[in-house]
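Accompanying notes for the structure given below.
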Amino acid sequence: MKTKVSLLLIVIGISFGCQQKISLDNSKIKKGMIKVAIFYPNGEGKTFDMDYYSNNHMPMAAKLFGDSLKAMSIDKGLANGKPDEPVQYLAIGYFFFENMSTFENSMGPNSEKLKADVPNYTNIKPMIQISEVQTAE
């Protein structure tokens, strides 16, 4: 399963032309880690520049977070569960940190710079969920 997921993520990375190295190694994700999910909901008039997000925003975030960031990935919404209905989220970005204090210490000093970059790739107000990883391979 781990190989299939890694291969799928590599294919997705290649298809979006990722020029920066984005960590997709699931072996770095462990139970108890903090997972930050940033959702970009779809809707009328919503736009999202996946190229900019993949090649500029997420690598900038990785650089700002440094070694505190254990893994990150990007989902591009392709389909909804029902035919002919629009996808619910245009994209979802994920960051993985060792624990909550590491996340807070990484995000705190960098949140304004990351927020300031959002208009460069979308007109969507992102929704954020912070979770604790319960299972990992």
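The values are calculated or read from the model by the stated rules, or taken from the named source; none is laboratory data. Because the structure is predicted, anything quoted here is derived from the model rather than measured. Heads up, the Cβs are rebuilt from the backbone with ideal geometry, glycines too, and the neighbour counts pull from every protein chain shown. To get the accessible areas, we keep the full protein, side chains included, count just its heavy atoms, and leave off ligands, DNA and RNA. Shrake-Rupley method; radii C 1.70, N 1.55, O 1.52, S 1.80 Å.
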Please give me the summed charge of the neighbours of I124: other residues whose Cβ is under 12 Å from its Cβ, Lys and Arg +1, Asp and Glu -1. 0
Roll a 1.4 Å probe over the protein heavy atoms and report the accessible area of L64 in Å², nearest 10. 50
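Can you figure out the FRET efficiency of N56 with K125, using R₀ = 25 Å and their beta-carbon distance, to the nearest 0.05?
Details: r = 19 Å, r/R0 = 0.77.
Efficiency, from the Cβ-Cβ distance: 0.80.
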Between Y89 and residues 5 or more places away or on another chain, which pairs have amide H atoms under 5 Å apart, with H built 1.01 Å from N, and which residues are they? N42
Among the listed pairs K30/K113; K46/K115; K63/K113; K46/K82, which have their C-alpha atoms separated by more than 23 angstrom in this model? K30/K113
Give me the Kirkwood hydrodynamic radius of the range 17-118, using the inverse of the mean 1/r over all pairs of distinct Cα atoms, in Å to one decimal. 14.7
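Could you give the length gained by full extension between K63 and K115, i.e. 0.36 nm per residue of separation minus their alpha carbon distance, to one decimal place? Walk me through the numbers before you get to the answer.
Working: separation 52, 0.36 × 52 = 18.72 nm, distance 1.52 nm.
Length gained between K63 and K115: 17.2 nm.
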Distance between Cα centroids, the range 89-131 to the range 30-69: provide it in whole Å. 6
Sequence-distant aspartates and glutamates (8 or more away, or on other chains) whose Cα lies within less than 20 Å of K31: D67, E98, E104, E132, E137
Scalar couplings 3J(HN,Hα) for the range 34-42 by Karplus 6.51 cos²θ - 1.76 cosθ + 1.60 (θ = phi - 60°), nearest whole Hz, x for Gly and Pro, are 9, 10, 9, 10, 10, 9, 10, x, 7
